[in-house]
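For reference, the structure is listed below as structure tokens.
Any read-out appearing in this document is the output of simple, stated calculations on the displayed coordinates, not a laboratory observation. Note that the structure is a prediction, hence the values are computed from the model and not measured. Positions of Cβ are backbone-derived with ideal geometry, glycine not excepted, and every protein chain shown enters the neighbour counts.
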């Protein structure tokens, strides 16, 4: 876990946000889900592996009141805070590893774009899903995006675990009911295409 943290601190120390493969000026898929499920502005939303992504900016712009951003990299969170300035005070920031989550609240929406697929050990996956189950309220929404079986096998120098609709559904079936899955092509700043599978689940 410590090696993984050091890895991500170095990534954020040496790479600008707009040059990172995961960079999205507008996180359209996440925002589409919020609109599709008519998530109210008082909903508690947590973004797992949010780093310094711009989702939090868009959530604040839309008027969401209870936003939490969690990332393994303290440097990433500090960059997001600096970018947001005074607006960042309205956000709860948590530095933690997605493989070892110990949270204190329950959330209406749990969003994870590309943190889960870095968990390549079975015990890490189990711990993550058990934490998600504990900390998503009954009836709450889980939005999970990973590289698909047509996507990359590595990211930022680390191995990842690819998923298909069937493998993701089967892995989460013990905890959540699938609503739908879809594939999404993400075009990186370097103009390469990464294929994701996004699935929504209900607790």
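In table form, for the structure just shown:
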item	result
Radius of gyration and Dmax over the Cα atoms of the chain, both given in Å	15.6, 43
Cα-based shape type of segment 95-172, given that a ≥ b ≥ c are square roots of the gyration tensor eigenvalues and the cut on a/c is 1.5	prolate
Segment residue 15-residue 82, extension gain: residue separation times 0.36 nm, minus the distance between their alpha carbons	22.5 nm
Between segment 53-114 and segment 131-203, the Cα center-to-center distance that results, in Å	19 Å
Extension reserve of the residue 41-residue 180 stretch, reckoned as 0.36 nm per residue once the Cα distance is removed	47.7 nm
Rounded if a/c under 1.5, otherwise prolate or oblate - segment 10-87, Cα gyration tensor axes	prolate
Taking segment 2-202 and dividing mean pair separation by its residue count, relative contact order in percent (alpha carbons under 8 Å, at least six apart)	18 percent
Structure-based [θ]222 nm, the chain - -39500 (n - 2.57) summed over DSSP H runs of at least 4, per residue, nearest 500	-9500 deg cm²/dmol
More than 16 Å apart - percent of Cα-Cα pairs taken over segment 156-203	50 percent
Residue exposure sequence - 113, 75 - by fewest surrounding Cβ within 10 Å	75, 113
Theoretical gain in end-to-end length, residue 153 to residue 22 [0.36 nm per residue, Cα-Cα removed]	45.7 nm
